[in-house]
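Trainee: Take this structure, written in structure tokens, and hold onto it; I'll ask about it next.
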Amino acid sequence: MTWEVVVGLEVHAELSTRSKIFCGCTTAFGGEPNSQVCPVCSGMPGSLPRLNSAVVEYAARLGIALNCEIANECVFDRKNYFYPDLPKAYQISQLYAPICSGGFLEIEVGEASKKIGIREIHMEEDAGKLIHNSQSGETFMDFNRCGVPLLEIVSLPDIRSGAEAAAYLERLREILLYLDICDCKMQEGSLRADVNLSVRRCGSSEFGVRTEMKNLNSIKAVSRAIEHESVRQIALLDRGGTVTQQTRRWDDTKGESYAMRSKENAQDYRYFPEPDLPNSALGESWLARILENMPELAHEKRERYAGEFGISAYEAKVLTGDRNIAGLFEELASLCGNPKEAARLISGELMRLMNASSILPEELNIDASKLAKLVVLVTEGKISRDAYKETIEAVFTQNVDPGAYIAQKGLLMQSDDDAVMESVLAAINDNPEAVADYFLGKEKALTFLMGKVMKKLGKSANPIAVKKSMEDRLQCIGGKK
Amino acid sequence: MHDMSALELSAAIMAKKIGVIEAVDAYIDRIEASDSRLNAFLCVEKDKARAKASQIQARLDAGERLSPLAGVPVAIKDNISVEDMQCTCASNMLGGYTPVFNATAVERLERAGMIVIGKLNMDEFAMGGSSETGVFGAVKNPWDTSRVAGGSSGGSAAAVASGEIPLALGSDTGGSIRQPCAFCGVTGIKPTYGAVSRYGLVAYASSLDQIGPIGNNIDDCAAMLSIISGRDDMDSTCVLESPFDFGQEACPQRLDGIKIGLPRNYFDAGIAEDVKSAVMAAARELEEAGAVVEEFEMPLMDYMIPAYYIIACAEASSNLSRYDGLKYGYRSPNADTLQGVYRMSRSEGFGLEVKRRIMLGSFVLSSGYYDAYYKKALQVRSLIKDAYSSLFGRFDMILSPVAPGTAYKIGENAGDPLKMYMGDIYTVSVNLAGLPAAALPCGFGAKGMPIGFQLVGSAFSEGKLVSAARVYQNRTEFNKARPGGEAL
């Protein structure tokens, strides 16, 4: 009997707006407990929320990137439940009219591409953090994260495997980073995924009973948890058992999940429209302005790089792996006028240097104009490939001025000047046997003669120019014979 | 000094006839002398008030012109945040809680040079119409201390009526400013929803609550309302672009051309005869001043109380969830688990009426009941709004009673919540529709207790209401009568 795995993902993305969703407190990560709170986000009696318009813009940007319909009104609801990390005992969220609905995200699975439906994206506020002291048995509340804006991105149950889930999350992460709305640090919790999973017999159109899995703090954990949970459910059903609708917690260290609560204990959140925030209209001109300012996304860049510049799929992927790298590439390509060479430099030499020094792509800070100068020099044959690499490394590690560095190290090649000609003539005159061998068709003779020239001229000799000059000279001699 | 209006007091202070500290001391003396009888004040902050008073005096001496109410003492209902003063909402639940911020309305009063001298008693979390449900005991009516002061802003109305304070802030969710004004014979305004910032008002029902002034006459109230009204970045529902400017009319006497609607069915059943005749007399007075008074049938009357209680309790059940025993206020000493802290703190910390409303509200929001109750109530609310807006196509304002009777005996209705709720019949629809209303004294009933009427206007028509109220008060003496035979 074969089973099909059906997965839907609920992803929470913490937005990187400077201030919180309903007050002016900073959203910075890692502050002293309760140092980033005010009467509003700590829910003091009489305080009221006021909407940070940047959050709505960020949500709309993501909605556009995920091909969603954007609502023409901003409407919030209250989700009521008691928990110590929620100081108002309700979360301001969107139930009845989410800001974005009905979109899709295209992922690549092997060679094929697949559209994963997006049911909705809604805005809400994050809760605080509880810090347990296991020795004293005390629990402390840190409200710094209360009111940090979140987007919840809810997919349709279109995902069929851990690999597809990983591809979905990778692509979503890439989009969030390109839109510059979330820093996507799963370890810090700024991107979190919950997995809804059920299995059904292949060919069936009915859904099975699903479980929800929480506490997945890496993409790898998501795909492992999916594989593990589908095996668990299938084994259960194969034995003639039934799946219980429940919430499970994934333990990544142990590689297994355990039940947290079942449906019977499900809470009634008593949602109702948030009376403190009037519905606000999102005008067409507002949306038009956001559309106008939409950045080019990674997959769009990849298509353009391949089409416009003829760059390979591999290089395009490396270049767009991070927004910072893509930006560097585009600047470099336009400064040096040679996109292919620029792509080669970044995806080759620069990546190697970054790996070697453990610099992350988003951290790379290098002067594109310095690199552009080097690309021009190497393509015009003014410096050798070796000198090119050496100077790139010097720019990368010490931010040297490439012109000064080349001059100081004597790396500029002598190509067409008298020095080359003089050395060529000297080599020919000094080695008549080799010249004779050359005319007898011995290839090694040319190498030998060139070696003499290179030795005399040193590193600055341009081998291409030396070879050309030598061949011209020898041809003149041959012509006379 | 106690026979001056607030505006007159400020003028005397500006003219250096009275010092600010002198005024503050005089009112504090008055409170100390009479409040043990009335129980209107929950706290009096003498030292803070005197310190503020000397600051204001210094600024006035330096030539600063703060406002027409500069130097006047004011007291604040205890559900409105004043930085560094208790804010109990007359509940055990908020025992020991001290706000770290000022409500916007308080901030504006202080900026205008008014001196906050204390906090006023009320029904617990503003839930009630008699100021009996608070944990600190009932507020007594200055006209007859065996009777209630009305509620929930009973402390505010009683303090003004007894001359303990010239002006007070109250809040009105379903009649909580107007009804105690009527019961105590003072003047109050429930502003249009969105005219005054709710920031710092401890929420009972967010879509209905408004802060408003209670005073001895409409001019004092209007002066205070113009100070506290107007847009506030801290409250997104506060939309009035700029503060009200009610101008300075010198003793207007006429209301020519003004059309006033009189809801015939408000006077049919359930209303006391003395209230009915006093309110009718007020209508005749305005007619004599030139207004055209016309009767009409108020629609949806049977639905007003149910819709109000469903919506108000639903919002309250959510608003009051934050009092969980963890962060501030009361925590049960008997609990040893998290669930226990929640359940026991809330069971022990809240009073009966508050718990009744939280349970009612939680019920109507529960899945399976939401559509039948909450959603239906919202539909009724929008019908009521529509009804009012078509009425304001015909009338400039509507004149009606505030309450079906005069102040009853303390404890008389305490065991009968439905009877209490029915007492709100003339006031709640005004909140459901978000409209402004002014409550004005218009006589005395069979038992010698004050009677009030209200003028209800279209949204943001406070200017019209204030003008009509000025005419009425210029032509009558009811607002000048004071308990104990003292004339103000």
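Trainee: Sorted by accessible area (1.4 Å probe), largest first, how do B:E477, A:E152, A:E292 line up?
Mentor: Largest accessible area first, the list is A:E292, B:E477, A:E152.
Trainee: Among all the lysines, which ones have a C-alpha under 23 Å from B:K140's C-alpha, if same-chain residues fewer than 8 places away are not counted?
Mentor: B:K46, B:K77, B:K119, B:K190, B:K409, B:K419, B:K447, B:K480
Trainee: Over the Cα atoms of the range A:296-409, how large are the radius of gyration and the largest Cα-Cα distance (Dmax), in Å?
Mentor: 13.6, 43
Trainee: Please give the Cα centre distance for the range A:65-119 versus the range B:411-474, rounded to the nearest Å.
Mentor: 45
Trainee: When ranked by the protection proxy of mean other Cβ atoms within 10 Å per residue, highest first, what sequence do the peptides B:26-37, B:9-20, A:398-409 form?
Mentor: B:9-20, B:26-37, A:398-409
Trainee: Run the reach check for A:K79 against lysines, Cα to Cα strictly under 25 Å, same-chain hits fewer than 8 apart removed. What comes back?
Mentor: Reachable lysines: A:K20, A:K88, A:K129, A:K214, A:K263, B:K327, B:K355, B:K375, B:K376.
Trainee: Sorted by mean Cβ packing within 10 Å, highest first, what order do the peptides A:224-235, B:462-473 take?
Mentor: Ranked by mean Cβ neighbours within 10 Å, highest first: B:462-473, A:224-235.
Trainee: Let me ask you something else. Measure off, as a whole percent, the carbon and sulfur share of the 1.4 Å-probe accessible area of the range B:410-488, all protein chains present.
Mentor: Of all accessible area on the range B:410-488, carbon and sulfur atoms account for 57 percent.
Trainee: Hey, any idea what % of chain A's accessible area is carbon plus sulfur with a 1.4 Å probe?
Mentor: That share works out to 49 percent.
Trainee: I would also like to ask the following. Return the sequence-ordered ³J(HN,Hα) values of the range A:198-205 in whole Hz as given by the Karplus equation 6.51 cos²θ - 1.76 cosθ + 1.60 applied to θ = phi - 60°, using x for Gly and Pro.
Mentor: For the range A:198-205, the Karplus curve yields 9, 10, 8, 5, 3, x, 6, 10 Hz.
Trainee: While we're here: Just to check I understand the Karplus step: with θ = phi - 60° and J = 6.51 cos²θ - 1.76 cosθ + 1.60, what whole-Hz values come out for the range B:297-305, glycine and proline as x?
Mentor: 3J(HN,Hα) across the range B:297-305, in whole Hz: 9, 6, x, 6, 4, 5, 9, 5, 5.
Trainee: Quick one: 3J(HN,Hα) in Hz for the range B:465-479, Karplus 6.51/-1.76/1.60 with θ = phi - 60°, rounded, Gly and Pro as x.
Mentor: These are the phi-based 3J(HN,Hα) values: 5, 5, 4, 5, 5, 4, 4, 4, 6, 6, 8, 10, 10, 4, 6 Hz.
Trainee: Buried by at least 30 Å² relative to the chain on its own: which residues of the range A:21-63 qualify, computing accessible area with a 1.4 Å probe on protein heavy atoms?
Mentor: When all protein chains are present, A:P39, A:M44, A:P45, A:G46, A:L48, A:R50 each give up 30 Å² or more of accessible surface.
Trainee: Please list, in chain and number order, the residues 5+ apart from A:I159 or on another chain whose amide H is under 5 Å from its amide H, with Hs placed from the backbone.
Mentor: Amide H neighbours of A:I159: A:V7.
Trainee: Could you list which residues have their amide H under 5 Å from that of A:V109, counting only those 5 or more apart in sequence or on another chain, with H placed in the peptide plane?
Mentor: Sorted by chain and number, the residues that satisfy this are A:K114.
Trainee: Counting only other chains, and only Cβ atoms inside 10 Å, what mean value do you get across the residues of A:82-89?
Mentor: Taking the mean over all residues of the peptide, I get 5.
Trainee: A follow-up question, please. Determine the shielding of peptide B:428-435 by partner chains: average, over its residues, the number of Cβ atoms on other chains within 10 angstrom of each Cβ.
Mentor: Averaged over the peptide's residues, the number is 0.
Trainee: Can you sort A:E363, B:E294 by 1.4 Å-probe accessible area, starting with the largest?
Mentor: A:E363, B:E294
Trainee: On average, how much accessible surface per residue is there in the range B:177-272, in Å², for a 1.4 Å probe, leaving out ligands, DNA and RNA?
Mentor: Averaged over the residues of the range B:177-272, the accessible area is 28 Å².
Trainee: Using modelled backbone amide H atoms (1.01 Å from N, in-plane), which distant-in-sequence or interchain residues come within less than 5 Å of B:V292's amide H?
Mentor: Long-range HN contacts for B:V292: B:G257, B:I258, B:K259, B:I260.
Trainee: Averaged per residue, what accessible surface does the range A:3-286 expose to a 1.4 Å probe, in Å²?
Mentor: Counting only protein heavy atoms, the per-residue value for the range A:3-286 is 43 Å².
Trainee: Still on this model: Please give the charge dipole size of the range A:3-286, origin at the Cα centre, charges +1 on K and R Cβ atoms and -1 on D and E Cβ atoms. Round to the nearest 20 debye.
Mentor: Once rounded to the nearest 20, the dipole reads 560 debye.
Trainee: How many angstrom lie between the C-alpha centres of the range B:24-70 and the range B:361-387?
Mentor: Distance between centres, Cα-based: 44 Å.
Trainee: With +1 on the Cβ of every Lys and Arg and -1 on the Cβ of every Asp and Glu, and nothing else charged, how large is the dipole of the protein assembly as shown about its Cα centre, in debye rounded to the nearest 20? Could you put the intermediate results ahead of the total?
Mentor: Working: 103 positive and 125 negative charges, 260 e Å.
For the protein assembly as shown, the charge dipole is close to 1240 debye.
Trainee: Let me ask you something else. How much of the DSSP beta bridge set in the protein assembly as shown is antiparallel, as a percent to the nearest 5? Display every interim value, and only then the final one.
Mentor: On the way: 91 of 111 bridges.
Bridges in the protein assembly as shown that DSSP calls antiparallel: roughly 80 percent.
Trainee: Compute for chains A and B the buried accessible surface, both sides summed, probe 1.4 Å, and express it in Å² to the nearest 100.
Mentor: 2800
Trainee: Further question on the same structure: Suppose only helical runs count, i.e. DSSP H with n ≥ 4. What mean residue ellipticity at 222 nm does that imply for the protein assembly as shown under -39500 (n - 2.57) per run, divided by all residues and rounded to the nearest 500 deg cm²/dmol? Mind dumping the intermediate values first?
Mentor: On the way: 31 runs with 372 residues, N = 969.
About -12000 deg cm²/dmol.
Trainee: Please name the residues of the range B:91-106 whose accessible area, counted over protein heavy atoms with a 1.4 angstrom probe, falls by no less than 20 Å² between the chain alone and the full protein assembly.
Mentor: Checking the loss per residue gives B:Y97, B:V100, B:F101.
Trainee: Partner chain Cβ atoms within 10 Å, averaged over the residues of B:333-346 - can you pull that number for me?
Mentor: For this peptide, the per-residue mean of nearby foreign Cβ atoms is 1.
Trainee: Next question. What are the lysines whose alpha-carbon lies under 16 Å from the alpha-carbon of A:K456, with same-chain residues fewer than 8 places away excluded?
Mentor: Result set, ordered by chain and number: A:K467.
Trainee: With r defined as the distance between the Cβ atoms of A:N355 and A:E188 and R0 fixed at 22 Å, what FRET efficiency is calculated, to the nearest 0.05?
Mentor: For A:N355 and A:E188, the calculated efficiency is 0.40.
Trainee: For the range A:426-480 and the range B:133-182, compute the distance between their C-alpha centroids and round to whole Å.
Mentor: Comparing the Cα centres of the range A:426-480 and the range B:133-182, I get a distance of 112 Å.
Trainee: Assuming R0 = 51 Å, what is the FRET efficiency of A:M421 and A:Y314, from their Cβ-Cβ distance, to the nearest 0.05?
Mentor: Numbers: r = 43 Å, r/R0 = 0.84.
The computed FRET efficiency comes out at 0.75.
Trainee: Given a 1.4 angstrom probe, what's the average accessible area per residue across the range A:296-409, in square angstrom?
Mentor: 49
Trainee: Ignoring everything but the protein chains, give the 1.4 Å probe accessible area of A:I64 in square angstrom, nearest 10.
Mentor: 40
The values are calculated or read from the model by the stated rules, or taken from the named source; none is laboratory data. Because the structure is predicted, anything quoted here is derived from the model rather than measured. Note that each Cβ is placed from the backbone with ideal geometry, even for glycine, and that neighbours are counted across all protein chains shown. Areas reflect the complete protein model, heavy atoms only, side chains present, ligands, DNA and RNA absent. Shrake-Rupley method; radii C 1.70, N 1.55, O 1.52, S 1.80 Å.
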